[in-house]
Amino acid sequence: MAKYDPLKLHLAQLPDFEWTAGFDEIERILGGALPASATAHRTWWANSGGLLVHQEAWLTAGWRVRQVDISRRQVTFQRARLGAALARSGERSGKDKQPTPARASGGLPASLRKALETSRKPLNLSARIDWSEIGSARRNGSGWHLPEAGHVPALCRFHIFNGDDHRVLVVITRDLDAFLRAAEAGGKAAAKVEQASEVAEAMASADHVVVDAATPGQAWILVDGRGHKADLGDDGERWFVAWAAAVGNRQTGLEAELIAS
């Protein structure tokens, strides 16, 4: 096995899109020390300038170096080809091989082939959500009084605090205020609005409840950094930014759940 094959195998098996590792961790993977130039010069980690054996390790695994910090002794790799590992595993399996995309499209006219290649370029799809605080709920006897809001389609977050526990419910709704009133009423009234009873149940044992929302004009869908304001009246776009909100909260360590009305 060549010196940098362990790094190539490690990258090929990673399920992540991006991986940051210290030089010490990479040396443990390699089973030996990195050369002095790797710990002293950023150019050693370049993706271009000649296919050197160490560059080949990450490039053939379908990864590229996105950033290297010599002073902190760490490097960040990012996937260049999401399907590379799957393609290689199919080649190793020994099963009947299907035509590769290049062979399957080989008979297409040049114009159609170009359109196909364009459609396969890596796509960075993301959402930006600017949350506004609607307000804190107030205890109302045995239940809660929720703040007033507009009758608009929205993403809504209920922050449920119970002791040190912080749970987030991300709600997709076509009518923000109607959903708040149903969740506030609880019981049979909440059951009439889909998923409002789930919010009411979560609030029942809470110490504090805070509500924030993103209404039309406060959410964007971005493709490769450029995009448009999300149409929260459109089911598909509203669902996309809601999923992004739930996943984003989970990435920060919060317990986040997506529900819909």
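Each value in this text was obtained by applying a stated rule to the coordinates, not by laboratory testing. As the structure is a computational prediction, the values presented were derived from the model and not from experiment. For neighbour counting, all protein chains shown are included, and Cβ atoms are generated from backbone atoms with ideal geometry for every residue, glycine included.
Sort out for me the Cα centre separation of segment 132-206 from segment 1-59, rounded to whole Å.
49
To the nearest 10 degrees, how steeply does helix 84-93 sit against the main Cα axis of the chain, on a 0 to 90 scale?
Once rounded, one gets 60 degrees.
So if R0 is 30 Å, what FRET efficiency would residue 174 and residue 124 give, r being the distance between their Cβ atoms, rounded to the nearest 0.05?
Given R0 = 30 Å and the Cβ-Cβ separation, E is 0.55.
With springs only between Cα atoms under 10 Å apart, run a GNM on the chain and tell me which of 145, 166, 41 wobbles the most.
Among 145, 166, 41, the largest GNM mean-square fluctuation belongs to 41.
Under the definition of Cα pairs under 8 Å and six or more residues apart, what whole-number percent is the relative contact order of the chain?
Result for the chain is 16 percent.
Report the extension gain between residue 13 and residue 74 in nm, rounded to one decimal, defined as 0.36 nm multiplied by the number of residues separating them, less their alpha carbon distance.
Full extension of this stretch gives 20.0 nm more.
Bin all alpha-carbon pair distances of segment 205-261 at 5 Å intervals from 0 and give each bin's fraction as a whole percent.
Once binned at 5 Å, the Cα pair distances of segment 205-261 give 4, 16, 22, 26, 18, 9, 4, 1, 1.
Dipole magnitude of the chain about its Cα centre, charges +1 at Lys/Arg Cβ and -1 at Asp/Glu Cβ only, in debye to the nearest 20?
The calculated dipole for the chain is roughly 1380 debye.
What relative contact order, as a whole-number percentage, does segment 5-79 give when Cα pairs under 8 Å and 6 or more residues apart are counted?
Result for segment 5-79 is 41 percent.
Just to be sure I understand the model, the point goes 7 Å from the Cα along the line to the Cβ. What's the resulting residue 254 to residue 152 distance in nm?
Using points 7 Å along Cα→Cβ, the separation is 2.0 nm.
From the alpha carbon gyration tensor of segment 5-79, can you work out the equivalent ellipsoid semi-axes (sqrt of 5 times each eigenvalue) and give them in Å, largest to smallest?
That gives 16, 14, 13 Å for the three semi-axes.
If you stretched the chain out fully between residue 161 and residue 208, how much longer would it get, using 0.36 nm times the residue separation minus the C-alpha to C-alpha distance?
So the chain would gain 16.4 nm between residue 161 and residue 208.
Tilt of helix 110-119 relative to the longest C-alpha principal axis of the chain, in degrees (0 to 90, nearest 10)?
Once rounded, one gets 60 degrees.
Can you give the FRET efficiency to the nearest 0.05 for residue 133 and residue 113, using r as the Cβ-Cβ distance and R₀ = 41 Å?
Result of the calculation: an efficiency of 0.20.
Which of the GluC sites (Glu not before Pro) across segment 193-261 are loop residues per DSSP, with 16 or fewer other Cβ within 10 Å?
194
Could you work out the equivalent-ellipsoid semi-axes for the chain, taking the square root of 5 times each eigenvalue of the Cα gyration tensor, largest first, in whole Å?
Equivalent-ellipsoid dimensions as semi-axes: 47, 25, 17 Å.
Report the charge-dipole magnitude of segment 5-79 in Debye, nearest 20, computed about the Cα centre from +1 at each Lys and Arg Cβ and -1 at each Asp and Glu Cβ.
The dipole magnitude comes to about 180 debye.
Per-residue ellipticity at 222 nm for the chain, helices alone: DSSP H runs ≥ 4 residues times -39500 (n - 2.57), over residue total, nearest 500 deg cm²/dmol?
Result for the chain, helices only: -10000 deg cm²/dmol.
Cross-chain or 8 or more residues apart, Cα under 26 Å: how many lysine pairs in the chain fit that? Count them up, please.
Count of close lysine pairs: 6.
Between beta-carbons, use under 12 Å as the cut-off and find the net charge around residue 256, counting Lys and Arg +1, Asp and Glu -1.
+1
How much length is gained on full extension from residue 243 to residue 40, taking 0.36 nm per residue of separation minus their Cα-Cα distance?
Gain in length upon complete extension: 68.9 nm.
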